[in-house]
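Notes to accompany the following structure.
The values are calculated or read from the model by the stated rules, or taken from the named source; none is laboratory data. Quick caveat: nothing in here was measured; it's all calculated off a predicted structure. Cβ atoms come from the backbone with ideal geometry, glycine included; neighbour counts cover every protein chain shown.
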Amino acid sequence: MLKLAVVGDLSQNDPSRLAQALDAAIGVADVVVQLGDINPGYDVVKDRMKSSGKLLCIPGNHDTQGPGNWDASLPGTPKQWQKSIQGITLIGLDNTNDTIDQAAWNMLNAYAASPAQPLFLFCHKPLSPIVLPDGTESTHIMGEGALPCADAEKLKKFLEPLDATLCHGHYHGWTLMKPGYGTVVLDGRGGAAPQIGYTLFYIQPEGWVAHSVTL
């Protein structure tokens, strides 16, 4: 059984809040994925990447510009990656510019050619609108301001036959969605939301259970 923790956005808040979420997640999980908007918590991430050996990250829109951006603060750290851990495929993508580049499609196509392992896909921005607890809809998603987003639509269509699990940040809360292209967990509680928390998955080849953990 793989224990996977997902930690969301810090998004310009106090880095100690991200440290609290990451430390709790690292303490219980085999692997931890931080979903972007790390800024300004890059030192927190660098320390835990080195000390734990468990932490993977993808960039968010707050990591692409300004002082302390990803390229300046995490030089050489891949923004996109693929890992196979205990029979589970993990793929991290960079969709901060509302596009999916060819390197990402190459990883996805290679997986789809032989999808023997369950797929967990991580990218910062959600692909579909989010229905909020009050029933209103948020389009704080990939392509916001210029919907529909061509690459988001293409990725959704690509994922339809794969039964993937997708994890996103960007939305500063916690939501579980079941659109037609997979199961989606949104978690933005790495310091950006009022409550700090993370998502903990227990994954086996036949399926998974997820817990929303609040600190």
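For the reader, a short list of remarks on this structure follows.
- Tallying residues that are crowded, with 24+ Cβ neighbours inside 10 Å and either modelled with pLDDT under 95 or part of a loop (DSSP other than H, G, I, E, B) (or both) within region 11-29 yields 1.
- Of the residues making up region 75-93, just one is more than 18 Å from VAL6 (Cα to Cα) and under 17 Å from the mean Cα position of the chain (by Cα), namely THR77.
- For region 135-165, filtering for residues that are among the small types (Gly, Ala, Ser), modelled with pLDDT under 95 and either farther than 20 Å from ASP187 by Cα or exposed (fewer than 15 other Cβ atoms within 10 Å of the Cβ) (or both) leaves 3.
- Among (1) surrounded by 15 or more Cβ atoms within 10 Å (Cβ to Cβ); (2) farther than 17 Å from VAL32 by Cα, the one test that LEU200 misses: (2)
- Near pairs, Cβ below 6 angstrom, 6+ apart or cross-chain, from region 26-44 (under 16 Å from HIS172 (Cα atoms) and without any contact (Cβ under 8 Å) to a residue 12 or more places away in the chain) to any residue that is part of a strand (DSSP E or B) and of a type in the set (Phe, Trp, Tyr): none
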